[in-house]
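K.L.:
Quick one: this structure, given as structure tokens, is what I'll be asking you about.
The values are calculated or read from the model by the stated rules, or taken from the named source; none is laboratory data. All figures in this text were calculated on a predicted structure; none of them were measured in a lab. Cβ atoms come from the backbone with ideal geometry, glycine included; neighbour counts cover every protein chain shown. With ligands, DNA and RNA removed, areas are computed over all heavy atoms of the protein, side chains included. Shrake-Rupley method; radii C 1.70, N 1.55, O 1.52, S 1.80 Å.
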Amino acid sequence: ARRDGGQSVCFYEPRLRLLVEEQRSLLADLRRAVARHAFGVEYQPIVDTQTLALRGFEALLRWHRPGYGPVPPDRFIRVAEEAGLICELGAWVLEQACREAVSWPSRVRVAVNVSVSQLESPGFARQVASILSKVGLEPSRLELEITESIFMDANASSFGVLESLRELGVGIALDDFGCGFSSLGFLRGFSFSKLKMDTTFVREMGIDRRAHAVVSAIVNLAAELGVAVTAEGVETPQQLSILRQMGCTQAQGFLFSRPMQPAAIPPLLDQIGGE
Ligand code: C2E
Ligand code: CA
Ligand code: CA
Ligand code: CA
């Protein structure tokens, strides 16, 4: 215990300073990594629930921070967003993923996550178009995943970008659907190519009647809208079987595969052959 009767701020200050320094050093490392493109990308399979045929891969960014080890993307992407680094990083991932996808069979698509700041940055649609033509990937083989948060700062121009991307022939998936500030209004405002159901619903589906009802409603909604629906975070055969019964068309999760290193993809494609 403290004996000097001082203010608690003296007690907290060293820890606070440490926190600030930590944040600063993380940011410095991240800046360096962005400048050098010192990231990896892993790819997680997305499969057809009925046939288990491979439909595509989602590209997931990986950062091994020197001296620390892997940092979860949720964490460093937020920092990259705040520091204005996400556009450069996002463009890198996009190009990386498109290059990878060129060598896959044409029925296998690639899904890439896109941040709001990227969508709002001027010329984003042109950037996507130029990457696609540079690497020689058919636009229809690319799907961009955006989260509902895009509609939070309902910047009208985001809708314009989405329209331009769709005209380009790129798929647009609504990620983490049902999770955020969901207003069903924007399903009317824009025609998405896919809804991705968040992991949390899938996890609770088997144990919670209400989660089950929500998943079922989303699957039906997607069917009525004529858009594909992917369940994320499928970990057990029971979950898969419930999703099949509901009519959910696609699934992704540890049951099928963890995110994979790019080098593991060609052997997988050879193994499953021309299904
Ligand atoms: P997300 O887009 O919702 O990606 C799905 C996350 O669920 C991934 O986490 C994936 O590894 C994880 N996952 C997949 N199957 C299962 C499962 O069966 N069980 C469980 N518990 N988890 C599963 P990850 O790779 O840690 O990525 C987290 C988030 O970081 C992503 O969530 C996405 O929002 C963001 N992110 C990742 N890569 C990028 C990127 O290149 N750009 C942007 N803007 N965001 C990215
Ligand atoms: Ca995603
Ligand atoms: Ca998601
Ligand atoms: Ca997520």
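K.L.:
Take the residues of the stretch 46-74 that are within 16 Å of ligand 3 (Cβ to nearest atom) and not in a strand (DSSP E or B): which is most open to solvent (accessible area, probe 1.4 Å)?
P.N.:
Taking the candidates together, the pick is D74.
K.L.:
With respect to the numbered conditions (1) of a type in the set (V, I, T); (2) away from ligand 2 (no atom under 14 Å from the Cβ); (3) in contact (Cβ under 8 Å) with a residue 24 or more places away in the chain; (4) surrounded by fewer than 18 Cβ atoms within 10 Å (Cβ to Cβ), which one is the sole condition not fulfilled by T199?
P.N.:
(2)
K.L.:
Follow-up question, since we're still on this one. In the stretch 105-122, which residues are assigned to a helix (DSSP H, G or I) and surrounded by fewer than 21 Cβ atoms within 10 Å (Cβ to Cβ)? Steps first, answer last, please.
P.N.:
Narrowing the stretch 105-122 to residues assigned to a helix (DSSP H, G or I): 116-120.
Those that are assigned to a helix (DSSP H, G or I) and surrounded by fewer than 21 Cβ atoms within 10 Å (Cβ to Cβ): V116, S117, E120.
K.L.:
Then there is this: Exactly one condition in (1) over 19 Å from A101 (Cβ atoms); (2) open to solvent by less than 30 Å² (accessible area, probe 1.4 Å); (3) within 16 Å of ligand 3 (Cβ to nearest atom); (4) not basic (K, R) is false for T230; which is it?
P.N.:
The one condition T230 does not meet is (1).
To keep it simple, each residue is scored yes or no on (1) surrounded by fewer than 21 Cβ atoms within 10 Å (Cβ to Cβ); (2) more than 14 Å from the chain's Cα centre (by Cα); (3) under 23 Å from G56 (Cβ atoms).
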| site | (1), (2), (3) |
| --- | --- |
| A97 | no, no, yes |
| P139 | yes, yes, yes |
| E145 | yes, no, yes |
| F186 | yes, yes, no |
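K.L.:
For the stretch 75-95, which residues satisfy the criterion of being without any contact (Cβ under 8 Å) to a residue 40 or more places away in the chain, in a helix (DSSP H, G or I) and open to solvent by 40 Å² or more (accessible area, probe 1.4 Å)?
P.N.:
Correct list: R75, I77, R78, E81, E82, C87.
K.L.:
I would also like to ask the following. Can you name the residue in the stretch 44-76 that is within 15 Å of the chain's Cα centre (by Cα) and either of a type in the set (G, A, S) or at pLDDT below 95 (or both) and, of all such residues, is farthest from Q250 (Cα to Cα)?
P.N.:
R75
K.L.:
Quick one: which of A213, A263 is open to solvent by 30 Å² or more (accessible area, probe 1.4 Å), in a helix (DSSP H, G or I), under 29 Å from W104 (Cβ atoms) and away from ligand 1 (no atom under 12 Å from the Cβ)?
P.N.:
Checking each option against the conditions leaves just A263.
K.L.:
Given the structure, is D176 open to solvent by less than 60 Å² (accessible area, probe 1.4 Å), within 15 Å of ligand 1 (Cβ to nearest atom), touching a helix residue (DSSP H, G or I) at 6+ places or on another chain (Cβ under 9 Å) and under 26 Å from A59 (Cα atoms)?
P.N.:
yes
K.L.:
Also, quick follow-up: Scan the stretch 126-137 and give yes if some residue there is within 15 Å of ligand 1 (Cβ to nearest atom), in contact (Cβ under 8 Å) with a residue 12 or more places away in the chain, within 14 Å of the chain's Cα centre (by Cα) and open to solvent by 30 Å² or more (accessible area, probe 1.4 Å), otherwise no.
P.N.:
So far as the stretch 126-137 goes, no, none of its residues is within 15 Å of ligand 1 (Cβ to nearest atom), in contact (Cβ under 8 Å) with a residue 12 or more places away in the chain, within 14 Å of the chain's Cα centre (by Cα) and open to solvent by 30 Å² or more (accessible area, probe 1.4 Å).
K.L.:
In addition: Just give me the residues in the stretch 135-151 being within 16 Å of ligand 3 (Cβ to nearest atom), assigned to a helix (DSSP H, G or I) and charged (D, E, K, R), in sequence order.
P.N.:
Passing the criteria: only E148.
K.L.:
Which residues, taken from the stretch 241-269, are within 16 Å of ligand 3 (Cβ to nearest atom) and charged (D, E, K, R)?
P.N.:
Hit for the stretch 241-269 is R258, nothing else.
K.L.:
Still on this structure, I have one more. All but one of (1) of a type outside the set (F, W, Y); (2) within 26 Å of L162 (Cα to Cα); (3) more than 16 Å from ligand 1 (Cβ to nearest atom) hold for D198, so report the exception by its number.
P.N.:
Unmet condition: (3).
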